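Notes to accompany the following structure.
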Amino acid sequence: MRILVFLCVLMCFSCKKSETSADDEYIWDAIHVTATAYNSLAYQTNSNPNITAFGDSLKPGLKYIAVSRDLLKMGLKHNTPIKIDGLDGIYLVKDKMHSKWQKRIDIYMGVDVKAAKQWGKKRVCIEYGIPKATVLTSIQLPTK
């Protein structure tokens with residue numbers, strides 16, 4: 001009996017949170033963009049290639065992207081989750097591109113210049129997550 005009570009208490013106070021998928025937390029919208037790739041190398045970025053324009057640290061293996069500033073204005077802001085057609089997983093907006101680019105993303109590929117060149121430049125469809133909580137709070141109820 002003590003073991004059963006102990007197990008029940010342990011399950012109630014477990015540190016593990018219930019798993020929720022990104023689909024449960026976000027409403028996904030799609031847009032076609034031009035996708036290129038970049039590396040965290042000084043000759044491709046600046047003298048501090050491991051720090052993004054938002055101040056995040058880049059490390060090979062992270063699924064990060066930079067977005068053109070027009071996409072920032074459309075709601076693809078810092079930490080927005082992105083699904084990229086043809087690539088697995090969810091990427092996060094962690095960097096922003098020069099203002100000369102429009103409807104463009106740059107996929108972070110660590111220091112693997114060969115992979116970035118192999119990716120090249122493609123027209124892809126991306127989906128970006130809009131937090132459901134944001135959508136719900138922006139809906140206004142009619143007043144009497």
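Brief remarks on what is shown
- Output for region 64-83, where each listed residue is among the basic types (Lys, Arg) and more than 17 Å from Cys125 (Cα to Cα): Arg69, Lys73, Lys77
- Those strands (runs of 3 or more DSSP E) lying entirely in region 57-126 with at least 3 residues free of Cβ contacts under 8 Å to residues at least 12 places away in the same chain and surrounded by 13 or more Cβ atoms within 10 Å (Cβ to Cβ): none
- Among (1) open to solvent by 60 Å² or more (accessible area, probe 1.4 Å); (2) within 27 Å of Lys132 (Cα to Cα); (3) touching a Phe, Trp or Tyr at 6+ places or on another chain (Cβ under 9 Å) - the single one Gln44 does not satisfy: (2)
The values are calculated or read from the model by the stated rules, or taken from the named source; none is laboratory data. What you are looking at is a predicted structure, and each value in this text was computed from that prediction instead of being measured. Cβ atoms come from the backbone with ideal geometry, glycine included; neighbour counts cover every protein chain shown. Each accessible area value is taken on the protein alone, full model and side chains, heavy atoms only, with ligands, DNA and RNA left out. Shrake-Rupley method; radii C 1.70, N 1.55, O 1.52, S 1.80 Å.
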